[in-house]
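The values are calculated or read from the model by the stated rules, or taken from the named source; none is laboratory data. Computed from a predicted model, the values in this text were never measured in an experiment. Heads up, the Cβs are rebuilt from the backbone with ideal geometry, glycines too, and the neighbour counts pull from every protein chain shown.
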Amino acid sequence: VDAAAAADVVVITVPYAAHEAILESIKDVVQGKIVVDVSVPLLPPHVRTVHIPAGKAASLEAQAILGDGACVVAAFQNISAHLLNDLRHPVNSDVLFCGDDDEAKDNVLQLIEAIDGMRGVDAGPLVNAVAVEALTPVLLYINKRYKISGAGIRITGLE
């Protein structure tokens, strides 16, 4: 809670099972702030199959819990955790991000593009996070099927 209170931008990177409890614990201190939600509704042990929660997306659930005073932006869901843990090497992936506040999305885009190799791609309003979050189990399946790690997304046709 103290870290969220001190931050200008709060990044939520917890397992989905802890998502609601963390959001409830910080909701009072994130009002007026940007909250970047990296959460994906994975249900172990079946993390390579899509699970869409009752709230339709973890990020939509976050916005509902935090209320209109916080600007939730969904981002980084399709970037491998092991790539994010070692930023000494370029990530070489696009980051799809969604949100309802253009200024908040612009701020998150700056954070994304400050990471070597990442390109931010505005994927629309927060409701589109349903599709973005659903890609993560597909990427996890691809990793297992092709014995790779760090499968990601690259949008073609962008300059």
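Couple of notes before you dig in:
- Boolean, residue 83 is within 30 Å of residue 67 (Cα to Cα), surrounded by 16 or more Cβ atoms within 10 Å (Cβ to Cβ) and aliphatic (A, V, I, L, M): no
- Residues that are at pLDDT below 95 and charged (D, E, K, R), drawn from the stretch 53-100: 56, 86, 88
- Residue in the stretch 110-120 that is out of contact with any helix residue (DSSP H, G or I) (no Cβ under 6 Å at 6 or more places or on another chain), in contact (Cβ under 8 Å) with a residue 60 or more places away in the chain and aliphatic (A, V, I, L, M) present: yes
- Selected residue (only one of 3, 17, 7 is out of contact with any Leu (no Cβ under 9 Å at 6 or more places or on another chain) and more than 20 Å from residue 68 (Cβ to Cβ)): 3
- Across the stretch 90-106, the number of residues qualifying as farther than 15 Å from residue 151 by Cα and either of a type in the set (A, V, I, L, M, F, W, C) or surrounded by fewer than 18 Cβ atoms within 10 Å (Cβ to Cβ) (or both) comes to 8.
- Of all residues in the stretch 3-37 being among the β-branched types (Val, Ile, Thr) and surrounded by fewer than 18 Cβ atoms within 10 Å (Cβ to Cβ), the one that is farthest from residue 80 (Cα to Cα): 29
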